[in-house]
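The values are calculated or read from the model by the stated rules, or taken from the named source; none is laboratory data. Everything quoted here is computed from the prediction, not taken from an experiment. A quick note on method: Cβ atoms are made from the backbone with ideal geometry, for glycine too, and the neighbour counts reach across all protein chains shown.
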Amino acid sequence: MSEVRFGQAINRALADAMAADENIVIFGEDVAAPGGPFGVTRGLLDRFGAERVRDTPISEAAIVGAAVGAAMSGLKPIVEIMFMDFVTLSMDALVNQAAKARFMFGGQYALPMVVRLPHGGGINAGPQHSQCLEAWLTHVPGLKVACPATVSDAYALTRAAIADPDPVILVENKSLYAVKGALPEPLPSVAIGTADIARPGRDATIVTYGAMRGMALAAADMLAKDGVETEVIDLRSLQPWDESAVLASLARTHRLVIAHEAVEAFGVGAEIAARMADVGFDELDGPIVRVGAPFMPVPFAKELEARYRPDAARIVEGVRRTLA
Amino acid sequence: MTAANSSSPLDLLRTMTLIREAELRLAQLFADGEVPGFIHLSVGQEGVAAGVCAALSSTDTLASNHRGHGHALAKGLDLERFFLEIMGKAEGMCQGRGGSMHVADAAVGMLGANGIVGAGLPIAVGSALAHQVRKSGAIATVFFGDGALAEGVMHESFNLASIWRLPVLFVCENNGWSEFSPTSKQLAADPCALALSHRIAARSVDGNDVLAVHEMALVLVDEIREGGGPRFLECRTTRVRGHFEGDPQKYREAADAARSEDDPIGRLERRLTADGVPAPDIEAATREAKRRVDAAVRRARSGTAPAFDAALRDVYAPSEAAP
Ligand SMILES: Cc1ncc(C[n+]2csc(CCOP(=O)(O)OP(=O)(O)O)c2C)c(N)n1
Ligand SMILES: [Mg+2]
């Protein structure tokens, strides 16, 4: 067991995977010599060489498009789009090419590729460097989407994404990169599509993922002071997502709150709410409450962004609403 | 390498006539309602597909576009499974999920036709990256139209290929039209100048002269294999039919398209005759192509409808393949 930062755990996962499989290559903007805009790929160039670890020009369409062609031709590319906001420029390669290649070519091609997308606010980066756009990608059949919240899961999900035969989007919350946590030995492994019970409880369930796991746990602490025991489910994986784990938790608590940093409307929470309103209808003793960002772009100023991002207090409010 | 790889003019004729007969049959099947959706034919452009693909080996990879029947067949795609696919049958190479705009065959390095203009360029660049990293000795090729030169990803792809000296051949089929608009109204630049500005050596050939296309492709493929980095080949050619089958073509004169003296098949046949090739050998190419197409269509008609559940299961790899 060692204490490492979230970003270092991803780095370790990348390095361990590359050491085990020479078909893995990494490319993206400033990922090689500079070590990545957030330092996540630091040291990989020195260790694995310039053939396998490459800086690209600022070409988001070609980065992901080339990953598609590389994956179809024997490599396992891992690419980084510096901020998730810039994935707008890669959408054809992701949505029309990567997501559909297996299906549309009748299973002739596997696309073992990983696209790393740092998302999220909290660093006053403004409307074009802070968004959580994961719901766009979970909506596309053929893509998988994972979003780790802990150091251990950062390692495990990165390894799982790389080992997966399908295109996997790794959504990494920027505010987590510097957070320290335990990286267990032997090194952890997690299957994509399995949730984690971050905290057990009997009175209400909070379903969350990514950086909001921390907020949800803080909310659960606050509620516990009033004797309300909240179960926190960290989805870890958004497509596929662990419907049975959420349903099982709902069957224990009968109250459901879904919290994410992304805009509330039409988000990941909407899908979970819709499914639970259907398959979990008989379990529900209160309204399903969503806690997400308001329907506005991410604002820049400290006061504005602080109010924009969902926090523990708002999750507490949500839990109280469904308990009322 | 060049001499060993070069195809005989009769081989090129056979490939072109196969593409022509296959596409004319597709046109008929489409008109008769046996081919669903919509199809883009490359009638008049067969010299490009045949000339370029004859310079490639089966381990070389190929990305194509919406007008990709010729590219696929020239790369060696199985003719029966080609018709099965375009007629929407389970036995098609894509199990009836792709159709005309998505024919692909992993066995011959065919990375797929593509319904998105310009999308094949970065895919070929990535495929070339794989060849470079894996030192496979193979190269990647991509066919695209003049219209794709207006897509932003063209620049990104040229730039990346050039910076990394990737083994990729960019082939622009300039047929003078993007859908219903002439290239002159769509593209400010000269195609070769676009490549040259990215430090990619560029050549332009008469795409309706299959021998010229083939000769030039052999040279460029050789240069690429020797580590010279990417190359660009513009093939000036003619889109004889509409943008898609059923296109009423109100936007142009029929004569603009169908100048028969430009037809790449007729040109090669006249050339072979002048060179003393016996007429029966020349005529055999079309006859044999018709026979193969007849047989393939017969087979395709007996294909079965794809099962919905099988399609639904194939969105992701089977879970036992996952760790
Ligand atoms: C991204 C995108 N935009 C528009 C279209 C519609 N479209 C299909 S083919 C075509 C024209 C392409 O012209 P060109 O690349 O010259 O190929 P050609 O049809 O002449 O062979 C257009 C606009 C498309 N399929 N994809
Ligand atoms: Mg054109």
**Item:** Selection count, the range A:180-194, where residues are surrounded by fewer than 21 Cβ atoms within 10 Å (Cβ to Cβ), among the hydrophobic types (A, V, I, L, M, F, W, C) and away from every other protein chain (no Cβ under 14 Å)
**Value:** 1
**Request:** Find the residue count for the range B:201-241, including only residues that are within 18 Å of B:G145 (Cβ to Cβ) and β-branched (V, I, T).
**Result:** 5
**Fill in**
For A:P34, the lone unmet condition from (1) more than 12 Å from chain B (Cβ to nearest Cβ); (2) assigned to a helix (DSSP H, G or I); (3) more than 24 Å from A:G181 (Cβ to Cβ) is (2)
**Asked** Of the residues in the range B:58-75, how many are more than 21 Å from B:A212 (Cβ to Cβ) and more than 16 Å from ligand 2 (Cβ to nearest atom)?
**Response** 5
**Prompt:** Before we move on, is A:V232 among the β-branched types (V, I, T) and more than 18 Å from the chain's Cα centre (by Cα)?
**Reply:** no
**Message:** Among the numbered criteria (1) in contact with a helix residue (DSSP H, G or I) (Cβ under 7 Å, 6 or more places away or on another chain); (2) within 16 Å of ligand 1 (Cβ to nearest atom); (3) free of Cβ contacts under 8 Å to residues at least 40 places away in the same chain, which one does B:L233 miss?
**Reply:** (3)
**Request:** Determine which single condition B:A188 fails, assuming it passes every other condition in (1) over 21 Å from the mean Cα position of the chain (by Cα); (2) in contact (Cβ under 8 Å) with a residue 12 or more places away in the chain.
**Result:** (2)
**Which listed residue, of B:R134, B:R97, is out of contact with any helix residue (DSSP H, G or I) (no Cβ under 8 Å at 6 or more places or on another chain), more than 16 Å from ligand 2 (Cβ to nearest atom) and within 7 Å of chain A (Cβ to nearest Cβ)** = B:R134
**Prompt:** Is the range A:58-71 home to any residue that is assigned to a loop (DSSP other than H, G, I, E, B), more than 15 Å from the chain's Cα centre (by Cα) and not assigned by TED's automatic domain parsing to the domain that holds A:G210?
**Reply:** yes
**Failed condition for A:D221, given (1) under 23 Å from A:A293 (Cβ atoms); (2) among the charged types (D, E, K, R); (3) part of a strand (DSSP E or B)** = (3)
**Request:** Using the structure shown, decide if B:G33 is without any contact (Cβ under 8 Å) to a residue 60 or more places away in the chain and either surrounded by fewer than 24 Cβ atoms within 10 Å (Cβ to Cβ) or assigned to a strand (DSSP E or B) (or both).
**Result:** yes
**Request:** May I ask you to say which residue of A:V168, A:V207, A:V151 is within 14 Å of another protein chain (Cβ to nearest Cβ) and either of a type in the set (F, W, Y) or under 30 Å from A:P299 (Cα atoms) (or both)?
**Result:** A:V168
**Request:** Specify which of the listed residues (A:F300, A:F281) is more than 22 Å from the chain's Cα centre (by Cα), among the hydrophobic types (A, V, I, L, M, F, W, C) and farther than 29 Å from A:N124 by Cβ.
**Result:** A:F281
**Message:** So if I check each of B:F170, B:F244, which one is within 16 Å of ligand 2 (Cβ to nearest atom) and out of contact with any strand residue (DSSP E or B) (no Cβ under 8 Å at 6 or more places or on another chain)?
**Reply:** B:F244
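The rows are residues; the columns are (1) crowded, with 21+ Cβ neighbours inside 10 Å; (2) in the same structural domain as A:E271 (by TED's automatic domain parsing); (3) touching a Phe, Trp or Tyr at 6+ places or on another chain (Cβ under 6 Å).
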residue	(1), (2), (3)
A:I123	no, no, no
A:Q131	yes, no, no
A:K144	yes, no, no
A:C147	yes, no, yes
A:A161	yes, no, no
A:V168	yes, no, no
A:K174	yes, no, no
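The rows are residues; the columns are (1) among the acidic types (D, E); (2) at pLDDT 95 or above.
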residue: B:P248; (1), (2): no, no
residue: B:D262; (1), (2): yes, no
residue: B:T273; (1), (2): no, yes
residue: B:A285; (1), (2): no, yes
residue: B:A322; (1), (2): no, no
**Complete:** Considering residues that are buried (at least 18 other Cβ atoms within 10 Å of the Cβ) and not small (G, A, S), the number found within the range B:198-210 is 6
**Prompt:** Among (1) among the aliphatic types (A, V, I, L, M); (2) more than 10 Å from every other protein chain (Cβ to nearest Cβ); (3) free of Cβ contacts under 8 Å to residues at least 24 places away in the same chain, where does A:V115 come up short?
**Reply:** (3)
**Request:** Could you please give the count of residues in the range A:57-105 that are touching a Cys at 6+ places or on another chain (Cβ under 8 Å) and more than 23 Å from A:Q131 (Cα to Cα)?
**Result:** 2
**Prompt:** If we keep just the residues of the range B:106-130 that are more than 16 Å from ligand 2 (Cβ to nearest atom) and more than 7 Å from every other protein chain (Cβ to nearest Cβ), which is nearest to A:K76 (Cα to Cα)?
**Reply:** B:A128
**Item:** Subset of the range A:224-279 (residues that are under 14 Å from A:T208 (Cβ atoms), part of a loop (DSSP other than H, G, I, E, B) and among the small types (G, A, S))
**Value:** A:G267
**Asked** Where residues in the range A:78-101 are surrounded by 23 or more Cβ atoms within 10 Å (Cβ to Cβ) and facing chain B (nearest Cβ under 7 Å), which of them is farthest from A:L304 (Cα to Cα)?
**Response** A:Q97
**Asked** How about the range A:89-180: which helices (runs of 4 or more DSSP H) wholly inside it have at least 2 residues that are on the phi < 0 side of the Ramachandran plot and of a type in the set (V, I, T)?
**Response** A:151-163
**Prompt:** Only one residue in B:V221, B:V213 is within 19 Å of the chain's Cα centre (by Cα), over 17 Å from B:E46 (Cα atoms) and assigned to a helix (DSSP H, G or I), so which one is that?
**Reply:** B:V221
**Message:** Between a residue in the range A:279-290 that is under 14 Å from A:V246 (Cα atoms) and any residue that is in a loop (DSSP other than H, G, I, E, B) and modelled with pLDDT of 95 or more, which pairs come within a Cβ distance under 6 Å, given they are 6 or more apart or on different chains?
**Reply:** A:E283/A:H254
**Request:** Kindly indicate whether any position in the range B:218-229 is within 16 Å of ligand 2 (Cβ to nearest atom), among the acidic types (D, E) and surrounded by fewer than 16 Cβ atoms within 10 Å (Cβ to Cβ).
**Result:** no
